[in-house]
Amino acid sequence: MKKRNELEKIMFHPTGTDLKPYEWMISATPQQEWIDKKGIFLLLAFFFTEIGAGLYFISLFYQYRTGLILGWLISLILGGGVHVLYLGNPFRAWRMLMKPQTSELSRGMWIIGIFAVAGFVQIVTSNFGPVFNVIMGILSLLIISHGFMTMNVIRALAAWSSTMVIPLSIISGVWIGCQMFQFMLAVSGNQMAQSFEIWSQILLIVYFVCVLLYIWGTYHASETAEKSISLMLKGDLAKYFYGGVVLIGFMLPLLITLKMWDGDINAGLIFLRLALIFAGDIAMRYIIMKSAMYQPLI
Amino acid sequence: MARWGMVIDVKRCIACWSCTISCKEEHFLPPNVFWNRVLIGEAGKFPTSRKLIYPVLCNHCADAACVDACPTGATYKREDGIVAVDYDKCVGCRACLISCPYQQRTYYDEEKKNAEYFPGQGKTEYEKIGEKLYPFTCGTVMKCNFCTERIEEGLEKGLTPGTDDEASPACVIACPVGARIFGDLDDSESEISRLIMEKNGKQLHPEFGTEPAVYYID
Ligand code: SF4
Ligand code: SF4
């Protein structure tokens, strides 16, 4: 019997689960390729690319060069590097520029390429003219939404094609970018860190409202999308949602924000809040990627 | 130019998995890789429930989600309607795999390459021959190719795919009950066009707008 089970495991399903070939896709089936095993690289790649662009975006308003440099590096070196690690044939990565007319991934590669060059020019020349700033602002926003945009166009996965996916990704990128920016101001003793706290208060609430709207909108989108949300709220992913997104990503940062409400901010607390929202945001991305399901075939 | 397609008569299918096995043999597919599957499900509720048997394969969609998603052009649509993968261009991003609403693609990696049909006993001669005859590239995506090689060789010999066994996909000729009919969708006189018209052939998930070239009749 043991031998038979072993053989079935090998012969049948790629994941080694108990699913047999004839059971595959006869009920809603979760996507695995972009989250399990090496797929986790993609989550990290999207995360780094987007938070880096978020920091760049916020730094642009204040012409804060350190923020621009760090944002540019995080986005391209960390984000881009991890992206390449995910690929099956990384040395062919340049080929991803070949189909911008239909492929969102290809369009994203172009945008990242243009951002890399234009950002470099801006950092080196310190050109903060209004036209250049607007261009870089738009490019940053496009990169912030790149990962979720790539997911959003996949019609086969209802949980990803939800309308709230893009606003959520933009707010999340800007929110984390803003926190990194404030932390950098605080450690460098810049007084602006204090007046900036109002943005942190607003964005924390907006971010969480976006998460709730995503859940609500996706739940009502289709039967399969509803299953994804149930998995998130009541199924295997509930611990990540309540522990990661709600507690670590919202409640604890809220407590810290309330503690600093009277304007008494300090770099230690800002760092703690930043670490918490990092973890909360990764948890949010993980469950969105992990909970996406395909409609059954029959 | 013909546009190849398939009709599957689900009433005839007896779920013998001959198609699944013949496909594996034809392409020397490693363990855990299926280009052809037979799904068994249920519709309705007791006491009026019925058993559903659906053989599934790549639909070689006219408006394929995988073709649109592929950033490199490695997945492309041929003039004869077959959706093919150029392993030399594939970067292994799996955008195609994720985008396919029918989940007909498989990522081929080291794990799959090294998998043995008789674990721990090394590869059989048959598996070794397969690796030479039908080499796959690690880090790329693979899927059903409608037995392109059989169709092309058959056409060169002046045979007609769908009519002559030698020019038809392996799953079609292996099916003991004739549940699979292959042919030219653009030829209104072909058997498959007639069956689709007469028996109101249905595609899987037409709502995705991919226009599958595989139709189901019952
Ligand atoms: S069934 Fe999937 S893999 Fe095949 S052509 Fe259609 S979208 Fe592409
Ligand atoms: S995995 Fe290969 S075939 Fe699929 S989308 Fe990426 S480059 Fe194209």
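The values are calculated or read from the model by the stated rules, or taken from the named source; none is laboratory data. Since this is a predicted model, take the numbers as computed values, not measurements. In this analysis, Cβ positions are derived from the backbone assuming ideal geometry, glycine residues included, and neighbour counts consider all displayed protein chains. Heavy atoms of the whole protein, side chains included, go into the accessibility calculation; ligands, DNA and RNA do not. Shrake-Rupley method; radii C 1.70, N 1.55, O 1.52, S 1.80 Å.
Site-free segments of chain B were taken between trypsin sites (Lys or Arg not before Pro) in DSSP loops having at most 16 other Cβ atoms within 10 Å, sites themselves excluded; the longest one is B:79-122.
Eigenvalues of the alpha-carbon gyration tensor of the range A:19-294, scaled by 5 and square-rooted, set the equivalent ellipsoid semi-axes at 31, 25, 14 angstrom, largest first.
Relative contact order of the range A:27-86, taken over Cα pairs closer than 8 Å and 6 or more residues apart, is 40 percent.
For the segment B:204-213, counting C-beta atoms of other chains within 10 Å of every residue's C-beta and taking the mean gives 2. Taking the 1.4 Å solvent-accessible surface of the range B:4-217 as the whole, the part contributed by carbon and sulfur is 51%.
Mind checking the full-extension length gain between residue B:156 and residue B:200? Use 0.36 nm per residue of separation minus the Cα-Cα distance, one decimal, nm.
12.5 nm
Share of carbon and sulfur in the accessible area of the range A:19-294 stands at 73%, probe radius 1.4 Å. For the range A:210-298, trypsin sites (Lys or Arg not before Pro) meeting the loop criterion (DSSP other than H, G, I, E, B) and having at most 10 other Cβ atoms within 10 Å: A:234.
In whole angstrom, note down how far apart the Cα centers of the range A:138-175 and the range B:59-101 are. Cα centroid of the range A:138-175 versus Cα centroid of the range B:59-101: 23 Å apart. Of the GluC sites (Glu not before Pro) in the range B:72-143, the ones in a loop by DSSP (not H, G, I, E or B) with at most 13 other beta carbons within 10 Å are B:79. Compare each residue of the range A:145-166 in its chain alone against the assembly with all protein chains, and report those whose accessible area goes down by 20 Å² or more; 1.4 Å probe, heavy atoms. Residues meeting the cut-off: A:154, A:155, A:156.
How big is the protein assembly as shown by the Kirkwood estimate over distinct Cα pairs, in Å?
Values: mean 1/r = 0.0399 Å⁻¹.
Answer for the protein assembly as shown: a Kirkwood hydrodynamic radius of 25.1 Å.
Just check the range B:4-217 against the gyration tensor rule for me: Cα atoms, a ≥ b ≥ c as the square roots of the eigenvalues, rounded for a/c under 1.5, and otherwise prolate or oblate depending on whether a/b exceeds b/c. Rounded, because the longest to shortest axis ratio a/c is under 1.5. Between the C-alpha center of the range B:121-168 and that of the range A:50-123 there is a gap of 40 Å. Summed over both chains, the contact between B and A buries some 3800 Å² of accessible surface at a probe radius of 1.4 Å. The residue among B:107, A:250, B:216 whose Cα reaches farthest toward the positive pole of the charge dipole of the protein assembly as shown, with charges on the beta-carbon of Lys, Arg, Asp and Glu, is A:250.
State in Å² the accessible area per residue of the protein assembly as shown; use a 1.4 Å probe, count heavy atoms of protein chains only, and round to the nearest integer.
Numbers: 22860 Å² over 516 residues.
Ligands and nucleic acids excluded, the result is 44 Å² per residue.
The residues of the range B:99-121 occluded by other protein chains by 20 Å² or more of accessible area, set against the chain on its own, are B:99, B:101, B:102, B:103, B:107, B:111, B:117, B:119; surface from heavy atoms, 1.4 Å probe. Summing +1 for each Lys or Arg and -1 for each Asp or Glu among the other residues whose beta-carbon sits under 14 angstrom from that of residue B:200 gives +1. Here each label is just a point 7 Å from Cα along the line to Cβ, and for residue B:132 and residue B:49 those points are 5.0 nm apart.
Note the angle between two axes, namely the Cα long axis of helix A:267-291 and the longest principal axis of the Cα atoms of chain A, as a number of degrees from 0 to 90, rounded to the nearest 10. It is inclined by approximately 30 degrees.
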